[in-house]
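Here the structure is laid out as structure tokens; the discussion comes afterwards.
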Amino acid sequence: MPSSTVHRIYNFSAGPAVMPLQVLEQAQRELVSLPGVGMSVMEISHRSKTFEEILARAIADIRELSGLDDRYQVLLLQGGASLQFSMVPMNLLGAGRTADYIDTGSWADKAAKEAKRVGDVNVTGSTKADNYSRIPNPAEVTLTAGAAYVHITTNNTIEGTEWTDLPATGQVPLVADASSNIFSRPMPFDRFGLLYAGAQKNLGPSGVTLVLIRQDLLERSPANLPTMMNYKVQAENNSLYNTPPTFGIYLLGLTMKWLKSLGGLAGIAAINQRKAAKLYTEVDRSGFYRGTAQHESRSLMNVTFRLPSEELEKLFNKEATANGLDGLKGHRSVGGMRASIYNAFPEEGVDALIEFMREFERTRG
Ligand code: PMP
């Protein structure tokens, strides 16, 4: 860790989550005056040449990392993934049609509930009866013929499960909430009609939402939608219809540059696989800890596990926090522990957690 940096603890938060240290340090150096500009990035017009270049660079790097060409539009919007729960059906569903939603977790459920406010929704493949501990197999999913789209949640942040093989949807566009595993590994991005993600886990700070949308789907946006919620308008204005979250986009751009420096998505995937494999090995080692996601559905990003009792979980969390391991408490809806180890989470932090887990088991087990 560079000596210029104050002490940082290990941040296992599910989001907003840890950012790459290099990104924070560059932002710190440039905060008061962008090199060659003499003003903070927060102080310049979103229509200035400087900001246009920052935006263009960020979009170009998103394209490079995802491998998507100009058949896709890259949008950087606001309102978080939660606003996409509404914008997706408002733009894509259309009257008289049905959208399929595969129910793999609390966020998937929320997405479906918002879509129901807009139109006709078919919820399918639910694994709720299994506490969302797994991704459904294809036989459990019943898709509507001629559906407007099929919606999935690529990584279930709360439950710690992740899709590996995407569902086959034929000509029906696949729409994904990829908030918690976007750019954690190579994905066949061109299998999606639309993919969205709140930035605050793998892309940058909260306040920016990435939307990748296939150009032909922009034609579905009804002209009478509220302007800000219309993908077509946002696309025509290159995400500059109104003042965008300029500082967040700048930080997202630095984060993309950092990802490229690690070898892009293949590079980060190797690191993520190593981190997750170590941690799951420890979870499985003795039976004291118990992983809550079924093996074949386990997430590389959110590792969820329980201890033998809620008392021990409380104590684990308290002592972990005291040892500089922050944010391990599971989501309030499921309990237990959750270690979120997104792209920027350092491998030394996983090693520190494993060491702590062994020591805790030795003294309390
Ligand atoms: N979807 C998923 C998978 C999430 O993990 C979250 C946030 N944790 C959301 C949606 C909601 O995102 P936002 O707060 O950006 O609206």
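The values are calculated or read from the model by the stated rules, or taken from the named source; none is laboratory data. Only a predicted model underlies this, so the values are computations on that prediction, with no experimental measurement involved. FYI the Cβ positions are ideal-geometry reconstructions off the backbone, even for glycines, and counts take in every protein chain you see. Protein only, heavy atoms only, side chains kept; ligands, DNA and RNA dropped before computing areas. Shrake-Rupley method; radii C 1.70, N 1.55, O 1.52, S 1.80 Å.
Can you classify the stretch 149-218 as rounded, prolate or oblate using the Cα gyration tensor, where a ≥ b ≥ c are the square roots of its eigenvalues, rounded means a/c under 1.5, and otherwise it's prolate if a/b beats b/c and oblate if not?
Oblate shape, in that a/c is at least 1.5 and b/c is the bigger or equal ratio.
State, as an integer percentage, the relative contact order of the chain based on alpha-carbon contacts under 8 Å between residues 6 or more apart. Relative contact order here is 22 percent.
So, counting K/R as plus one and D/E as minus one, what does the shell of residues with Cβ under 10 Å around Thr124 add up to?
Summing Lys/Arg as +1 and Asp/Glu as -1 gives -3.
Using the membrane-span-like helix rule (whole DSSP H runs, Cα extent along the own axis of at least 24 Å, mean Kyte-Doolittle hydropathy at least 0.0), which helices of the chain qualify? The answer, listed by residue number, is 49-66, 264-284.
Other residues within the sphere of radius under 11 Å centred on the Cβ of Asn230, judged by their own Cβ, net out at +1 (K and R +1, D and E -1). Excluding residues fewer than 8 places away in the same chain, name every one of the aspartates and glutamates whose C-alpha is closer than 14 Å to that of Lys275. Straight-line reach from Lys275, under 14 Å: Glu347, Glu348, Asp351, Glu355. Taking the empirical scaling 2.2 N^0.38 Å for compact globular proteins as reference, the stretch 1-103 has a Cα radius of gyration ratio of 1.49.
Every pair of different Cα atoms in the chain enters the Kirkwood calculation, which places the hydrodynamic radius at 21.4 Å.
Among beta bridges identified by DSSP and lying wholly in the chain, the antiparallel ones come to about 55 percent.
A straight Cα-to-Cα reach below 12 Å connects Lys116 with the aspartates and glutamates Asp100, residues fewer than 8 places away in its own chain not being considered. What percentages make up the Cα-Cα pair-distance distribution of the stretch 43-198 when the bins are 10 Å wide from 0? Going from the shortest bin to the longest, the percentages are 10, 38, 34, 13, 4, 0. Under Stokes-Einstein, with the Kirkwood radius over Cα pairs as Rh, the value for the stretch 232-365 at 10 °C and 1.306 mPa s is 94 µm²/s.
Values of log10 I(q)/I(0) for the stretch 132-176 across q = 0.18, 0.23, 0.25, 0.31 Å⁻¹ run -0.56, -0.87, -0.98, -1.26, by the Debye formula with one identical scatterer at each alpha carbon and no solvent. Put a plus charge on the Cβ of each Lys and Arg, a minus charge on the Cβ of each Asp and Glu, and nothing anywhere else: the dipole of the stretch 25-261 about its Cα centre is then about 240 debye.
When the Cα atoms of the stretch 160-263 are aligned to their principal axes, the ranges along those axes come out at 42, 39, 24 Å in descending order.
Entry note, the stretch 162-217: relative contact order of 29 percent, from Cα contacts under 8 Å with a spacing of 6+ residues. For the listed peptides 41-50, 78-87, a ranking on the average number of other beta carbons within 10 Å per residue, highest first, reads 78-87, 41-50.
When a 1.4 Å probe is rolled over the protein heavy atoms, the share of accessible surface on the chain that falls to carbon and sulfur comes to 51 percent.
Proximity of backbone amide H atoms, modeled 1.01 Å from N, is registered between Tyr149 and Asp100 at under 5 Å, excluding neighbours fewer than 5 places apart on the same chain.
For the pair Ser82 and Asp130, label points projected 7 Å from Cα toward Cβ lie 3.0 nm apart. A straight chain from Leu262 to Asp284 at 0.36 nm per residue would run longer than the Cα-Cα distance by 5.0 nm. Close amide H pairs (under 5 Å, H built 1.01 Å from N) link Tyr72 with Gln215, residues at least 5 positions away or on another chain.
Give me the percent of DSSP beta bridges within the stretch 119-200 that run antiparallel, rounded to the nearest 5.
Percentage antiparallel, nearest 5: 20.
Each listed q (0.18, 0.22, 0.26 Å⁻¹) maps to a log10 I(q)/I(0) for the stretch 242-314 from the Debye sum over equal C-alpha point scatterers, namely -0.80, -0.94, -1.13.
In this structure, the residue pairs whose Cα-Cα separation is over 27 Å, taken from Lys110/Lys318; Lys49/Lys232; Lys49/Lys260; Lys201/Lys314, are Lys110/Lys318. The calculated P(r) of the stretch 105-156, using every Cα pair and 10 Å bins from 0, goes 22, 58, 20, 0 in percent. For the stretch 186-194, backbone phi angles converted through the Karplus equation (6.51, -1.76, 1.60; θ = phi - 60°) give residue-by-residue couplings of x, 9, x, 4, 7, 7, 9, x, 8 Hz, Gly and Pro being listed as x.
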